[in-house]
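Just dropping this structure here.
The values are calculated or read from the model by the stated rules, or taken from the named source; none is laboratory data. Here the structure is a predicted model, which is why all the values come from computation and not from measurement. Cβ: placed from backbone, ideal geometry, glycine included. Neighbour counts: every protein chain shown. We work out accessible area using only protein heavy atoms, side chains counted, and drop any ligands, DNA or RNA first. Shrake-Rupley method; radii C 1.70, N 1.55, O 1.52, S 1.80 Å.
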Amino acid sequence: MKPVGIFFGSTYGMTEKSAIKIQQAFGEDIAQVFNLKTATIEDMKPFSNLIFGTSAWGIGEMQDEWELTIDYLSLLDFSERKVALFGLGDQKEYPESFVDGLGTLYCRLPDKSCVVGFWPTDGYEFYFSLASKDNQFVGLVLDDHHQDDMSEERIQKWVKQLKTEFL
Ligand SMILES: Cc1cc2nc3c(=O)[nH]c(=O)nc-3n(C[C@H](O)[C@H](O)[C@H](O)COP(=O)(O)O)c2cc1C
């Protein structure tokens, strides 16, 4: 399998923690983790397989670092790449905008045909999410506030799925 670059934006470290767990599930020989505080589009270029992670903020907002990065994604050629997304949120405090940052990240990708890693909405309780399309999430959803005990299993299952969907 080709190498995987995991790029995340994280305000209080929850998305960062998940990014590291995803890296460990692939194995450190295959996956590398980058914090968008310092990483740039140049760091994405060597990877055919990309994973983007964000938390959710404000009204449909991605984590701040993604706001600063997203428009530069058009500099990448996605025709020869696969992209998977993951999002952190809080379904009890924000059930009407659950993981909206993930939905916005998907919505603003310059090319959606490369996206893999869709994830079932079963097992979460929410009224509305920008990340939900045709009864699926557009990527892995983690709620470490209320379903911390389920995250490890979800990550393992998602990474297993990605191993069949990535290049
Ligand atoms: C002011 C504020 C707004 C938030 N808005 C949302 C939201 O709209 N939807 C959601 O699912 N979570 C929301 N969250 C929860 C965060 O996305 C969640 O705590 C996440 O795990 C933070 O991850 P990070 O530390 O990696 O940034 C919000 C949290 C705060 C403090």
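GLY101 - would you say it is under 18 Å from ASP111 (Cα atoms) and touching an Asp or Glu at 6+ places or on another chain (Cβ under 7 Å)?
yes
Residue check, THR38 against (1) under 15 Å from PHE166 (Cβ atoms); (2) more than 14 Å from the ligand (Cβ to nearest atom), all met but one. Which one?
(1)
Follow-up. Of the residues in the range 94-139, how many are assigned to a strand (DSSP E or B) and either modelled with pLDDT under 95 or among the hydroxyl-bearing types (Ser, Thr, Tyr) (or both)?
Residues meeting the conditions: 1.
Something else: Give me the pairs: first residue in the range 88-107 and within 12 Å of TYR124 (Cβ to Cβ), second residue more than 8 Å from the ligand (Cβ to nearest atom) and among the charged types (D, E, K, R), beta-carbon distance under 7 Å, and six or more apart or on different chains, which are they?
Partner pairs satisfying both residue conditions: GLN91/GLU125; PRO95/GLU125.
Residues being buried (at least 19 other Cβ atoms within 10 Å of the Cβ) and among the aliphatic types (A, V, I, L, M): count how many of those fall in the range 15-31.
Residues in the range 15-31 being buried (at least 19 other Cβ atoms within 10 Å of the Cβ) and among the aliphatic types (A, V, I, L, M): 3 in total.
Looking at the range 91-131 only, could you name the residues that are under 16 Å from the mean Cα position of the chain (by Cα), within 12 Å of the ligand (Cβ to nearest atom) and open to solvent by 40 Å² or more (accessible area, probe 1.4 Å)?
The answer is LEU130, and nothing else.
Please list, ordered by first then second residue, the pairs with beta carbon atoms under 7 Å, 6 or more apart or interchain, first in the range 10-26 and more than 13 Å from SER151 (Cα to Cα), second more than 12 Å from the ligand (Cβ to nearest atom) and assigned to a helix (DSSP H, G or I).
The qualifying pairs are PHE26/VAL159.
How many of the residues in the range 140-155 are assigned to a helix (DSSP H, G or I) and open to solvent by 90 Å² or more (accessible area, probe 1.4 Å)?
Counting residues in the range 140-155 that are assigned to a helix (DSSP H, G or I) and open to solvent by 90 Å² or more (accessible area, probe 1.4 Å) gives 2.
Count, please, the residues in the range 70-89 that happen to be surrounded by fewer than 19 Cβ atoms within 10 Å (Cβ to Cβ) and either among the polar types (S, T, N, Q) or near the ligand (Cβ under 9 Å from one of its atoms) (or both).
Counting residues in the range 70-89 that are surrounded by fewer than 19 Cβ atoms within 10 Å (Cβ to Cβ) and either among the polar types (S, T, N, Q) or near the ligand (Cβ under 9 Å from one of its atoms) (or both) gives 2.
When you check THR54 against the structure, is it closer than 26 Å to GLY27 by Cβ, free of Cβ contacts under 8 Å to residues at least 12 places away in the same chain and either within 13 Å of the ligand (Cβ to nearest atom) or polar (S, T, N, Q) (or both), yes or no?
no
With the structure loaded, tell me whether LEU167 is under 13 Å from the mean Cα position of the chain (by Cα) and either open to solvent by 60 Å² or more (accessible area, probe 1.4 Å) or not hydroxyl-bearing (Ser, Thr, Tyr) (or both) or whether it fails that test.
No: the conditions fail for LEU167.
Another one. Any residue that is at pLDDT below 95, among the small types (Gly, Ala, Ser), open to solvent by less than 40 Å² (accessible area, probe 1.4 Å) and more than 19 Å from LYS157 (Cβ to Cβ) - is there at least one of those in the range 50-69?
The answer is yes, given that some residue of the range 50-69 is at pLDDT below 95, among the small types (Gly, Ala, Ser), open to solvent by less than 40 Å² (accessible area, probe 1.4 Å) and more than 19 Å from LYS157 (Cβ to Cβ).
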